[in-house]
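Enquirer: What follows is a structure written as structure tokens; I'll ask about it next.
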Amino acid sequence: MRLGAVLLASGAGRRFGGNKLLAPVEGVPLIQRALEAVPAELFCRAAVCSPYPEVLALAGERGFLPLYNHRAREGISTSICLGLSALWDMDGVLFAVCDQPYLTINSIIHMINAFRDSPASVCALAWAGKRGNPVLFPAELFPALSALTGDTGGSAVIKAHRDRLLLVEAGSPAELRDVDCPDDLFPA
């Protein structure tokens, strides 16, 4: 089974006040934490979609296919479509956001194993039955993902295929926590 990964690194960080991917969490930039949690070597092919040259350079150094998203301002769908265009030949693609500093490689491996056991499912990382990110989609749903527009993400495809959703429990609730504003970098 051929699996791919797309790291979505195109957000403008409006609530954060700018590109948050270079902001450190416990001394390690968010983008580096994402590249380590979802390493390219776990997949047949992995890509990072971003308009930020420094993010793309780091991704390339780590074995990811760096994809420049010149349409990032149009919304998350542009990253999904761009990443998917480079991975269309895969049996499944995992989409991960890059602002979950406590996501672990163990949860990613757990998701991959769940998908291999149930390859028609949409596997989503979850905690206590609540769906989060990343999400691994089967190839059969690639056309629906590639039809997304604007700031609409994969949730729209999941809602249309609820019967295929398989929740994969994370190692801890912290893995699903994301960074939206500077205060989120420093847990209370």
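Only the coordinates and a few stated rules stand behind these numbers; no lab work does. All values derive from a computational prediction rather than experimental measurement. Glycine also receives a Cβ, built like all others from the backbone with ideal geometry; neighbour counts cover every protein chain displayed.
Enquirer: Over the chain, calculate the relative contact order: mean separation of alpha carbon pairs under 8 Å at least 6 apart, over the residue count, as a percent. All intermediate terms of the calculation are to be shown ahead of the outcome.
Expert: Numbers: 380 pairs, mean separation 47.3, N = 188.
For the chain, the relative contact order is 25 percent.
Enquirer: Another one. Before rounding to the nearest 500, sum -39500 (n - 2.57) across all DSSP H runs of length at least 4 in the chain and divide by the residue total; then give [θ] at 222 nm in deg cm²/dmol.
Expert: -7500 deg cm²/dmol
Enquirer: Please give the contour-minus-distance gain from S146 to D163: 0.36 nm per residue of separation, less the Cα-Cα distance, rounded to one decimal in nm.
Expert: 4.1 nm
Enquirer: Find which of L22, L3, V157 sits farthest along the positive direction of the dipole of the chain, computed with +1 on the beta-carbon of Lys and Arg, -1 on that of Asp and Glu, about the Cα centre.
Expert: Comparing the listed Cα positions along the dipole, V157 ranks first.
Enquirer: In segment 73-178, what chymotrypsin sites (Phe, Trp or Tyr not before Pro) fall in a loop by DSSP, with at most 13 other Cβ atoms inside 10 Å? Mind dumping the intermediate values first?
Expert: Values: sites: W88, F95, Y102, F115, W127; in loops: W88, Y102.
Filter output for segment 73-178: W88.
Enquirer: Return the FRET efficiency for the residue pair I105, A128: r is the Cβ-Cβ distance, R0 is 25 Å, and the value is rounded to the nearest 0.05.
Expert: Efficiency computed from Cβ-Cβ geometry: 0.70.
Enquirer: Would you mind classifying segment 1-139 by shape? Square roots of the alpha carbon gyration tensor eigenvalues, ordered a ≥ b ≥ c; an a/c under 1.5 is rounded, otherwise it is prolate if a/b is larger than b/c and oblate if not.
Expert: Verdict is prolate for segment 1-139.
Enquirer: Ratio of Rg to Rh for segment 62-188, alpha carbon only, Kirkwood?
Expert: Taking Rh as the inverse mean 1/r over Cα pairs, Rg/Rh reads 0.95.
Enquirer: Can you give me the distance in nm between label points at N113 and S85, each placed 7 Å from the Cα along the Cα-to-Cβ direction?
Expert: Rounded to a tenth, the inter-label distance reads 3.7 nm.
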